[in-house]
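Right, one structure below, let's go through it.
Values quoted throughout were computed directly from the atomic coordinates according to the rules given, and no laboratory measurement underlies them. The structure presented is a predicted model; accordingly, all values stated were derived computationally and were not measured. Please note: Cβ atoms are built from the backbone with ideal geometry, for glycine as well, and neighbour counts cover all protein chains shown.
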Protein chains: 2
Amino acid sequence: MKLSKTEEQLMQHLWKLEKAFMKDILEQYNEPKPATTTIATLLKRMTDKGYVSYATFGKSREYYPLIKKEDYFSNHLNGLIKNFFNDSASQFASFFTKETNLSDTELKDLRKIIDQQIKDNNK
Amino acid sequence: MKLSKTEEQLMQHLWKLEKAFMKDILEQYNEPKPATTTIATLLKRMTDKGYVSYATFGKSREYYPLIKKEDYFSNHLNGLIKNFFNDSASQFASFFTKETNLSDTELKDLRKIIDQQIKDNNK
DNA sequence: TTTTATATTCTACATTTGTAGAGTAATATT
DNA sequence: AATATTACTCTACAAATGTAGAATATAAAA
């Protein structure tokens, strides 16, 4: 099952912290911070969904993500690509470079990465 | 207000058809097709949200999207990038080229696009 | 014109999501 | 030890979402 928007946000914090107690998580939020119970509810739901686990330390818990950000994102992206670009990553790529205003440096960096990729592919 | 998942799917069909009557829309769905009323509900919600409009033709309506797929997608993508890559498109690009398995040809095409972009930027 | 297929509106309802209070247990502070 | 703080569970509830039946109007087919 997928994460909802707010759950995803919480995930971001967990990915950043790697592992965190309730108070660490709360710290990550900007004013107006959500109620502790709200976070607790989200954490429980995320645990149920299989995205989060925790280690019990005395009375409280240290939460940590069960999925790597990269993996989660990969799926996400694949869904997007499938939906919007007939499952064609290259079509997406082309759209992407046109629509996102990358600076010259960024574009050159990107080209470098691509060249590297081509090289790797042929190895 | 954003579109939900199913609404987004319906949008895809509208984008593809450009304009469509109820029956054209239903045709787009695979078995098991949703009930007509389900589509009707979605269309109404989407109309309320400002994504869809229609022309009345006698008894029924020809629906059409009010937003271009590209624009809608652009926002979408920007959200993603913001969330997952600290608002850095280039960071995203790099992730993208690494994670998506583009073929050699696709990569070369992409490089071509990038070169073109660089050229355009400096014009 | 009687029957049938279609489109639309209204109503409904279960599930998911966003948010948090009340209650309780454990821990830290005075 | 008495009190305040913190984390957690349970319960709740409004809004959004997914899905569709009932009723109605209308147009198409027989």
In whole Å, what three semi-axes, largest first, describe the equivalent ellipsoid of the protein assembly as shown built from its Cα gyration tensor (square root of 5 times each eigenvalue)?
-> 34, 31, 16
Across the residues of A:76-82, average count of Cβ atoms on other protein chains within 10 Å?
-> 3
Per residue of region A:42-51, in order, report the coupling 6.51 cos²θ - 1.76 cosθ + 1.60 (Karplus, θ = phi - 60°) as ³J(HN,Hα) in whole Hz, putting x for Gly and Pro.
-> 4, 4, 5, 4, 5, 5, 4, 6, x, 9
Structure shown: which of B:LYS16/B:LYS44; A:LYS98/A:LYS123; B:LYS5/B:LYS68 lie over 21 Å apart, alpha-carbon to alpha-carbon?
-> A:LYS98/A:LYS123
Net charge over other residues, Cβ less than 10 angstrom from the Cβ of A:ALA55 (K, R count +1; D, E count -1) | +1
With the dipole of the protein assembly as shown worked out from charges on the C-beta (+1 for Lys and Arg, -1 for Asp and Glu) around the Cα centre, which of A:THR105, A:SER94, B:GLN9 lies farthest toward the positive end?
-> B:GLN9
If you take the square roots of the eigenvalues of the alpha-carbon gyration tensor of region B:5-65 and sort them as a ≥ b ≥ c, do you get rounded (a/c under 1.5), prolate (a/b over b/c) or oblate?
-> rounded
Mind checking region B:33-64 for trypsin sites (Lys or Arg not before Pro) that DSSP puts in a loop (not H, G, I, E or B) and that have at most 12 other Cβ atoms within 10 Å?
-> B:LYS59
Report, in deg cm²/dmol and to the nearest 500, the calculated mean residue ellipticity at 222 nm for chain B, where each DSSP H run with n ≥ 4 adds -39500 (n - 2.57) and the sum is divided by the residue count.
-> -20000 deg cm²/dmol
By the scheme Lys and Arg +1, Asp and Glu -1, what is the net charge of all other residues having a beta-carbon under 9 Å from that of A:SER90?
-> -2
Treating only the Cβ atoms of Lys and Arg (+1) and Asp and Glu (-1) as charged, compute the dipole magnitude of chain B about its Cα centre; round to the nearest 20 debye.
-> 320
Given the Cα-Cα distance of B:THR47 and B:TYR29 and 0.36 nm per residue of separation, how much length would full extension add, in nm?
-> 4.5 nm
Between the modelled labels at B:LEU80 and A:ASN75 (7 Å from Cα along Cα→Cβ) the distance in nm is 1.5
Phi to ³J(HN,Hα) by Karplus 6.51 cos²θ - 1.76 cosθ + 1.60 over region A:66-76, Hz, x for Gly, Pro = 9, 10, 6, 3, 4, 5, 4, 5, 3, 4, 2
With charges set only on the Cβ (+1 for Lys and Arg, -1 for Asp and Glu), what does the dipole of region B:5-65 come to about its Cα centre, in debye to the nearest 20?
-> 160
Starting from the amide H of B:ARG61, placed 1.01 Å from N in the peptide plane, find each other amide H under 5 Å away whose residue is 5 or more places distant or on another chain.
-> B:MET22
How large is ³J(HN,Hα), in whole Hz, for each residue of region B:112-123 in order, when computed from phi with the Karplus curve 6.51 cos²θ - 1.76 cosθ + 1.60 and θ = phi - 60°, using x for Gly and Pro?
-> 4, 4, 5, 4, 4, 4, 4, 4, 4, 4, 8, 9
Please report, in Å, the Rg and the Dmax of chain B, where both are computed over Cα atoms only.
-> 19.0, 55
With DSSP loop assignment and no more than 16 other C-beta atoms within 10 Å, the chymotrypsin sites (Phe, Trp or Tyr not before Pro) in region A:27-123 are A:TYR29
For the residue pair A:ILE67 and B:GLN9, what label-to-label distance in nm results when each label sits 7 Å from Cα along the Cα-to-beta-carbon direction?
-> 1.9
Let me know the charge dipole size of the protein assembly as shown about its Cα centre in debye, to the nearest 20, where only the beta-carbon of Lys, Arg (+1) and Asp, Glu (-1) is charged.
-> 460
Taking the label point as lying 7 angstrom from Cα along the Cα-to-Cβ axis, what are the distances from A:GLY79 to the corresponding position in the remaining copies, in ascending order and in nanometres?
-> 1.1
Please tell me the relative contact order of chain A in percent, rounded to the nearest whole number, where contacts are Cα pairs under 8 Å and at least six residues apart.
-> 20
